[in-house]
1. Using modelled amide H (1.01 Å from N, peptide plane; none on Pro or chain starts), what sits under 5 Å from the amide H of THR19, excluding residues fewer than 5 places away?
2. Mind listing which trypsin sites (Lys or Arg not before Pro) in the stretch 245-293 are in a DSSP loop and have 16 or fewer other Cβ atoms within 10 Å?
3. Evaluate the charge dipole of the chain about its Cα centre and quote only its size in Debye, nearest 20, assuming +1 on the Cβ of each Lys and Arg and -1 on the Cβ of each Asp and Glu.
4. So with the 1.4 Å probe, I'd like the accessible area per residue for the chain, rounded to whole Å².
5. Give me the compactness ratio for the stretch 1-105, meaning the Cα radius of gyration over 2.2 N^0.38 Å.
6. Among GLY220, GLY131, GLY155, which one shows the biggest mean-square fluctuation in a GNM of the chain, springs joining Cα atoms closer than 10 Å?
7. Subtract the Cα-Cα distance of LYS334 and LYS281 from 0.36 nm times their separation in residues, and report this length gain in nm to one decimal.
8. If I model a spin label at LYS373 and LYS71 as a point 7 Å from the Cα along the Cα→Cβ vector, what separation in nanometres do I get?
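The values are calculated or read from the model by the stated rules, or taken from the named source; none is laboratory data. Since the model is a prediction, treat every value here as computed from it, not as a measurement. Because the Cβ atoms are built from the backbone with ideal geometry, glycine has one as well, and the counts that use them run over all protein chains shown. Just the protein is used for accessible areas: all its heavy atoms, side chains included, with ligands, DNA and RNA removed. Shrake-Rupley method; radii C 1.70, N 1.55, O 1.52, S 1.80 Å.
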Amino acid sequence: MLVRSVYAKKLKNSRGEETIEVIVKTEKGVVNASAPFGKSRGIHEANAFVENVEHDVRIINALDVRVLDIKHRLDIIYVEKKLRGKIGANSMLALQLALLKALAKKQGCELWQLFTRRFKPVRMLGNVIGGGMHSSARKPEFQEFLFSPRTRHMGKAVLINKKVYSIARSLLKKYDPRFKGKKNDENAWETTLNNEQVLEIANLVREKVKERYGENVDIGIDIAASTFYDKRSKKYVYENVKLRKQEQINFVARLAKKFSLLYLEDPLHEEDFDGFAILRKKLKKILVVGDDLTVTNTERLKKAIKKKAISGIIVKPNQIGSLIASEEVVELAKRHGIAVIVSHRSGETLETGIADLAIGWHADFVKFGVAGKEREVKLKRLIEIEKKAGV
Ligand code: PGA
Ligand code: ZN
């Protein structure tokens, strides 16, 4: 029997919200796993808990451990079938992750090696300047200004992004008269500048990194457009202007070209597959990425494929509450040449399993942030995997 006992409890995430941790005892030792919590959540995401966290904790603590006896990673499907509808997405994720860690321990391998034997590094995307729902002033409207060092050496990429983070701070200090060195939910710098001004700063950061260190970094943005889209007027509401769909498309396309962006996440609201398709066609060289649009959901990904809406997809296992379904999304995306970006959430825990999943699934990118202990443990785990793989 893999599991001797299972125990669930409440845990506070980096934003102080209640989430869940699952602890599994095995004959080889104890493993634990926890689930994060998003704030700019898609309306099509699964519910984190059935009623509340206490309810799910009670259900898990009353489980007969024989239900959890898995021999292969895909066996978690039986656990899922037994518990579907009885616990929420966060609880299912924490439970499945804990079981896979237990299985890896039993088999004497790393968690990521349950999925593949071949190590393939990922590129880093780090949130350096932030806005939207993750920032106290909810400004600028775009949620994340991301940097991606143009290297697949993960240890090097982490170091470069640390430099990016500190250069961004000094440039914000210089150009934003109201900058106070404040960090948002993901520890990205908060600023009072507007979207285009922040992109100007990002561009300067890119130039400085090249000049000082000879390194190339690309810029990306997560617009998280649903968070400032007004459904009644069908307009994107900015501080000084309201944009209709076509105007939003033109605005975003102009910025993407002007700043030669690598990456563009959720440029339109979460129902606008057609708008995404227009942008993807206009911006052939840029990754047009679905997050709230696709919510790690196979059916929504199929729709996006049919409509040619995206060239990249965010994978967040707790959006769907199943590691099996998340893996299905990864495989389907790959078969259609869609880049896979495995992502943390804004409210995070010290969980590192997401790093193993990204490597195990052969993701193209990870979006784990840059600073703060919840983000740093994941980056450290990537470096540890890279070192052990002998790279
Ligand atoms: P969330 O946002 O974790 O707050 O949902 C992250 C994102 O939109 O990528
Ligand atoms: Zn997003």
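1. LEU11, LYS12, ASN13
2. Qualifying residues, ordered by number: LYS284, LYS285.
3. 880
4. Value returned for the chain: 41 Å² of accessible area per residue.
5. Against the compact-globule rule of thumb, the ratio is 1.03.
6. GLY155
7. Extra length available between LYS334 and LYS281 comes to 17.2 nm.
8. Going by the 7 Å Cα→Cβ label model, 4.1 nm.
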